[in-house]
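The values are calculated or read from the model by the stated rules, or taken from the named source; none is laboratory data. Owing to the predicted nature of the structure, the values given are computational and were not obtained by experimental measurement. Don't worry about glycine lacking a Cβ; one is built from the backbone with ideal geometry, like all the others, and counts go over all protein chains shown. With ligands, DNA and RNA removed, areas are computed over all heavy atoms of the protein, side chains included. Shrake-Rupley method; radii C 1.70, N 1.55, O 1.52, S 1.80 Å.
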Amino acid sequence: MPSSSASSPSAASSSASFVSPPPSAAAPDPSSRASLVAALRAAGCVFAEDEAELILATARTPREAADMAGRRAAGLPLELVLGWAEFAGRRITVEPGVFVPRRRTEFLVRQALAEVPGARLVVDLCCGSGAVGAALAAALGPVELHAADIDPAAVRCARRNTAAAGGRVHEGDLFEALPGELRGRVDVLAANVPYVPTGEVGLLPAEARDHEPLVALDGGADGLDVLRRVAAGAPGWLAPGGRLLVETSERQAPRAVAAFTAAGLATRLAVDEELHAQVVIGTRTG
């Protein structure tokens, strides 16, 4: 189940996060590291020191640093405050209304690289910010990269993040968004589909629930609606020996594997216990 990559602060306002000094004292610099840490800690940020360092490293001016800390203290996800998220050793641009890439999804990228190290045509489906496609292209070298998402905001963001790799980003519903010329040619089809059951979306951390699009989170009654559609359609798009890789949860993994198998894919489940990551991998054998 997707979760926020940063700590979840309380909904404290920025004005309540900075304590006014007594009249006789010199006013502290609100952009100093100590002031930022104090404001973030007061707002409930567990990793206040680390977040302050990132804000100071990103801000162009002291006033901007103070403003950024205020937005973070008010509950805005750290990645949206910074304007970027670290993913697979890269800075991925993120903006309001776009799903923030999770560190555990790096496991999907590593699995794809291990499975098809010579991939030349890569598709990032349900691409969000385009983080997976950008990371794969950076590691593989020159590739034909396509990405697709149903959300226009995600498409705009993904175009920025995949531009260096010459990525083509398409807007639409799953395979309907892709050029027909890709059929039967895809070496790696990575799909970080929404997989939170509808009834559990309200249980997500506020940073995800309040700031990320529902379409990127809600996977239907059991969380597997989109995964099943991707598995069913993938064989027609994969090249012989091509791989489909989809992230899921431990609880959903057996049903996800069954969906891949039902689609005629040779299937295995890869697990990283440290990251709590589960990736279903299906191979077109025919």
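Residue separation times 0.36 nm, minus the C-alpha to C-alpha distance between SER32 and GLU95: what's the value?
Here the segment from SER32 to GLU95 would lengthen by 20.1 nm.
At 24 Å minimum axial length over the Cα atoms and a Kyte-Doolittle cut of -0.5, report the qualifying DSSP H helices in the chain, or say none.
Details: long enough: none.
Sorted by number, there is nothing, because no helix extends far enough and scores high enough.
Hey, what number do you get for the chain at 222 nm if only DSSP H runs of n ≥ 4 count, each worth -39500 (n - 2.57), divided across all residues, to the nearest 500?
-9500 deg cm²/dmol
How much accessible area per residue does the chain have, in Å², with a 1.4 Å probe?
43
Across the chain, where is the longest run that never hits GluC sites (Glu not before Pro) in a DSSP loop with at most 16 other C-beta atoms within 10 Å? Don't jump to the answer; show the numbers that get you there.
Details: sites that count: GLU250, GLU273, GLU274.
Excluding the exposed sites themselves, the longest stretch runs over 1-249.
From the Cα gyration tensor of the chain, with a ≥ b ≥ c the square roots of its eigenvalues, which class applies: rounded if a/c is under 1.5, or else prolate if a/b is larger than b/c, or else oblate?
Here the chain falls in the prolate category.
Indicate, rounded to the nearest 5 percent, the antiparallel portion of the DSSP beta bridges found entirely in the chain. Walk me through the numbers before you get to the answer.
Numbers: 17 of 36 bridges.
Within the chain, antiparallel bridges account for around 45 percent of the total.
Using alpha-carbon positions, what is the distance between the centroids of region 243-277 and region 37-106, in Å?
Between the Cα centres of region 243-277 and region 37-106 lies a distance of 31 Å.
Could you list which residues have their amide H under 5 Å from that of ASN192, counting only those 5 or more apart in sequence or on another chain, with H placed in the peptide plane?
Amide H to amide H, under 5 Å and 5 or more residues apart or across chains, ASN192 pairs with LEU125.
How many nm is it between the label spots at PHE47 and GLU274, if each spot is 7 Å from the Cα in line with the beta carbon?
The modelled label-to-label distance comes out at 1.5 nm.
Starting from the Cα-Cα distance between ALA164 and LEU113, subtract it from 0.36 nm times their residue separation and give me the gain in nm to one decimal.
16.4 nm
On the protein heavy atoms, probe 1.4 angstrom, tell me the percent of accessible surface of region 157-236 carried by carbon and sulfur.
About 50 percent, which is the carbon plus sulfur part of the accessible surface.
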